[in-house]
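S.K.: Below is the structure I would like to discuss, written out as structure tokens.
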Amino acid sequence: MADRVLLTPSLSSSPTTMATITGGAAARMIPSATRATVSLSTSRSFFSFSLASSSRSVSSLNCLRSSPRISHIFLNQRRGEVRVSSGRFGTVAFASDPDQLKSAREDIKELLKTKFCHPLLIRLGWHDAGTYNKNIEEWPQRGGANGSLRFEVELKHGANAGLVNALKLLQPIKDKYSGVTYADLFQLASATAVEEAGGPKIPMKYGRVDVTGPEQCPEEGRLPDAGPPSPADHLRQVFYRMGLNDKEIVALSGAHTLGRSRPDRSGWGKPETKYTKDGPGAPGGQSWTAQWLKFDNSYFKDIKEKKDEDLLVLPTDAALFDDPSFKVYAEKYAVDQEAFFKDYAEAHAKLSNLGAKFEPAEGVVVDGSPNVVGEKFVAAKYSSGKKELSDAMRKKIRAEYEAVGGSPDKALKSNYFLNIIIVIAALAILTYLFGN
């Protein structure tokens, strides 16, 4: 199988977070067979972004698992409660508390300011949702945004290497806001990271129910590769399975405007470029764009031009301009950032909902309308000019008129009986008024 790319950030780890759990708790930790080194920047999937936020990286998944905060993830990962609220409209079940969602979002914003982990959090949300299979109806077998990525069996998938560090970052927030499900927290963090990097407002809804055990995790192999033999065909095979189309594939690819790749961890990119040698975070790696923490449409511009050797172009990136159908959208986004933002916001929101089970069923919106702001309404565009009726429509109108005694060419016959009733009613009203 061709190499796959998974780009993630390096984060510092405090010695105090490396305590070892023993006894019964240790028995539930990751087995020694999984102690392969997984650094924060290891990467293996198309959905990937790499970002380093400190000069030191965590050396192994097993060590992270020994951290009190990380072990807490696994020791309590079977929780999947649904909160119930009673009110004037009856009893409503909420998977996540709306007020706690708002507060958690503010904490995520503060985390982003200090850790510069935007790409990692985006990837976490994408990888949890990206396992969805539209051909499977049952939940949670269909995969998707259900919080299953917090379990060891799924974290061990090659495409998810390093995402345990995203859990490490978010676990304190999860502990603080226990009324928020993991599935919602992953998607909340992903959308917030896009917005805080300068990207569009994502029309999110929440209320995703968590799976309760590792036996509910999807099998490995549902996420896309970065360097398959036939990139365009591979992208379609994977994204079509999710129910996404060519426009959404290209729009979502634009999120590679964030992050960088490290060759010693992913097999892709340069060890260092003029754009990454000074960080932020641990220096090094190769980014797709010059400003790799800013969400804009520069990814499409740079991929199209291919003039800067210090910028990364993966096989799946190049396919966006090589494939005729993909190219239509890639060309459009390269010159129209507003169009890219609109389409990306819609695609990101759609991805975040894939496979999810919501409580309540319609979901919960925490900050206004979930609808993306679309084209501005211009009345003249819809009211000016005359439209010609089709022959079929003309015949239909004529038949309806003739059925009631008229035709489009002459007025309907008066209903004299109805007219007399109206006149009598009017006279009665006038008599009453004048009499008073």
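The values are calculated or read from the model by the stated rules, or taken from the named source; none is laboratory data. From a predicted model like this one, the values you see are computed outputs, not experimental measurements. Cβ placement follows ideal geometry from the backbone for every residue including glycine, while neighbour counts extend to all protein chains displayed. Note: accessible area is taken over every heavy atom of the protein model, side chains too, but ligands, DNA and RNA are not part of it. Shrake-Rupley method; radii C 1.70, N 1.55, O 1.52, S 1.80 Å.
S.K.: How about the stretch 277-312: which of its residues are in a helix (DSSP H, G or I) and either open to solvent by less than 20 Å² (accessible area, probe 1.4 Å) or in contact (Cβ under 8 Å) with a residue 12 or more places away in the chain (or both)?
M.R.: Of the stretch 277-312, the ones in a helix (DSSP H, G or I) are 298-305.
Scanning the stretch 277-312 gives 298, 299, 300, 301, 302, 303, 304.
S.K.: Further question on the same structure: Of the residues 197, 159, 226, 166, only one is over 14 Å from the mean Cα position of the chain (by Cα), open to solvent by less than 30 Å² (accessible area, probe 1.4 Å), over 30 Å from residue 106 (Cα atoms) and in contact (Cβ under 8 Å) with a residue 40 or more places away in the chain; which? First the steps, then the outcome.
M.R.: Numbers: 197 fails: over 30 Å from residue 106 (Cα atoms); 159 fails: over 30 Å from residue 106 (Cα atoms); 166 fails: over 30 Å from residue 106 (Cα atoms).
Being over 14 Å from the mean Cα position of the chain (by Cα), open to solvent by less than 30 Å² (accessible area, probe 1.4 Å), over 30 Å from residue 106 (Cα atoms) and in contact (Cβ under 8 Å) with a residue 40 or more places away in the chain holds for just one of 197, 159, 226, 166, which is 226.
S.K.: Identify the single condition in (1) under 18 Å from the mean Cα position of the chain (by Cα); (2) surrounded by 24 or more Cβ atoms within 10 Å (Cβ to Cβ) that residue 112 does not satisfy, given that it satisfies every other one.
M.R.: (2)
S.K.: If the requirement is being open to solvent by 40 Å² or more (accessible area, probe 1.4 Å) and either out of contact with any Cys (no Cβ under 8 Å at 6 or more places or on another chain) or in contact (Cβ under 8 Å) with a residue 40 or more places away in the chain (or both), which of these qualifies: 102, 174?
M.R.: On the way: 174 fails: open to solvent by 40 Å² or more (accessible area, probe 1.4 Å).
Step by step, each of 102, 174 is checked, and only 102 is open to solvent by 40 Å² or more (accessible area, probe 1.4 Å) and either out of contact with any Cys (no Cβ under 8 Å at 6 or more places or on another chain) or in contact (Cβ under 8 Å) with a residue 40 or more places away in the chain (or both).
S.K.: Any chance you could count how many residues in the stretch 117-149 are modelled with pLDDT of 95 or more, part of a loop (DSSP other than H, G, I, E, B) and not acidic (Asp, Glu)?
M.R.: The number of residues fulfilling the criteria is 16.
S.K.: Working only within the stretch 288-305, note down all residues that are hydroxyl-bearing (Ser, Thr, Tyr) and closer than 10 Å to residue 334 by Cα.
M.R.: Residues of the stretch 288-305 that are hydroxyl-bearing (Ser, Thr, Tyr), as a first pass: 289, 298-299.
Of everything in the stretch 288-305, those that are hydroxyl-bearing (Ser, Thr, Tyr) and closer than 10 Å to residue 334 by Cα turn out to be 298, 299.
S.K.: Could you say whether any residue in the stretch 234-246 is without any contact (Cβ under 8 Å) to a residue 24 or more places away in the chain, part of a loop (DSSP other than H, G, I, E, B) and not charged (D, E, K, R)?
M.R.: Checking the stretch 234-246: at least one residue is without any contact (Cβ under 8 Å) to a residue 24 or more places away in the chain, part of a loop (DSSP other than H, G, I, E, B) and not charged (D, E, K, R).
S.K.: Can you name every residue in the stretch 313-338 that is open to solvent by 10 Å² or more (accessible area, probe 1.4 Å) and part of a loop (DSSP other than H, G, I, E, B)?
M.R.: Scanning the stretch 313-338 gives 313, 323, 336.
S.K.: Tally the residues that are of a type outside the set (D, E, K, R) and assigned to a helix (DSSP H, G or I), restricting the search to the stretch 339-362. Please lay out each step first, then the result.
M.R.: Step one: list which residues in the stretch 339-362 are of a type outside the set (D, E, K, R), which gives 339-341, 344-345, 347-349, 351-356, 358, 360-361.
Checking the rest, the ones that are also assigned to a helix (DSSP H, G or I) come to 339-341, 344-345, 347-349, 351-353.
Here the count works out to 11.
S.K.: Is there a residue being under 21 Å from residue 349 (Cβ atoms), free of Cβ contacts under 8 Å to residues at least 60 places away in the same chain and crowded, with 20+ Cβ neighbours inside 10 Å anywhere in the stretch 258-270? I'd like the intermediate steps shown before the answer.
M.R.: Taking the stretch 258-270 first, the residues under 21 Å from residue 349 (Cβ atoms) are 258-259.
Checking which are free of Cβ contacts under 8 Å to residues at least 60 places away in the same chain leaves us with none.
Scanning the stretch 258-270, I find no residue that is under 21 Å from residue 349 (Cβ atoms), free of Cβ contacts under 8 Å to residues at least 60 places away in the same chain and crowded, with 20+ Cβ neighbours inside 10 Å, so the answer is no.
S.K.: Just give me the residues in the stretch 115-153 being crowded, with 24+ Cβ neighbours inside 10 Å and on the phi > 0 side of the Ramachandran plot, in sequence order.
M.R.: 143, 144, 147
S.K.: Here is a follow-up. Determine, yes or no, whether residue 273 is open to solvent by less than 30 Å² (accessible area, probe 1.4 Å) and part of a loop (DSSP other than H, G, I, E, B). Steps first, please.
M.R.: On the way: open to solvent by less than 30 Å² (accessible area, probe 1.4 Å): yes; part of a loop (DSSP other than H, G, I, E, B): yes.
Spelling it out, residue 273 is indeed open to solvent by less than 30 Å² (accessible area, probe 1.4 Å) and part of a loop (DSSP other than H, G, I, E, B).
S.K.: Sort out which residues of the stretch 347-365 are touching a Lys or Arg at 6+ places or on another chain (Cβ under 9 Å) and within 13 Å of residue 191 (Cα to Cα), and write them in order of number. Talk me through it step by step, then tell me what you get.
M.R.: Going through the stretch 347-365, the residues touching a Lys or Arg at 6+ places or on another chain (Cβ under 9 Å) turn out to be 347, 349, 352-359, 362-365.
Residues satisfying the conditions are 347, 349, 352, 353.
S.K.: Whether any residue in the stretch 383-395 is of a type in the set (D, E, K, R) and either modelled with pLDDT of 70 or more or in contact with a His (Cβ under 9 Å, 6 or more places away or on another chain) (or both) is what I want to check.
M.R.: Taking the stretch 383-395 and keeping what is of a type in the set (D, E, K, R), we get 386-388, 391, 394-395.
When the remaining residues are screened for being either modelled with pLDDT of 70 or more or in contact with a His (Cβ under 9 Å, 6 or more places away or on another chain) (or both), the result is none.
So far as the stretch 383-395 goes, no, none of its residues is of a type in the set (D, E, K, R) and either modelled with pLDDT of 70 or more or in contact with a His (Cβ under 9 Å, 6 or more places away or on another chain) (or both).
S.K.: Out of (1) more than 19 Å from the chain's Cα centre (by Cα); (2) farther than 20 Å from residue 273 by Cα; (3) in contact (Cβ under 8 Å) with a residue 24 or more places away in the chain; (4) surrounded by fewer than 21 Cβ atoms within 10 Å (Cβ to Cβ), the odd one out for residue 346 is which?
M.R.: Condition not satisfied by residue 346: (1).
The rows are residues; the columns are (1) under 23 Å from the mean Cα position of the chain (by Cα); (2) farther than 16 Å from residue 252 by Cβ; (3) assigned by the TED database to the domain that holds residue 115; (4) at pLDDT 95 or above.
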{"position": "291", "(1), (2), (3), (4)": "yes, yes, no, no"}
{"position": "300", "(1), (2), (3), (4)": "yes, no, no, yes"}
{"position": "322", "(1), (2), (3), (4)": "no, yes, no, yes"}
{"position": "326", "(1), (2), (3), (4)": "yes, no, no, yes"}
{"position": "335", "(1), (2), (3), (4)": "no, yes, no, yes"}
{"position": "354", "(1), (2), (3), (4)": "yes, no, no, yes"}
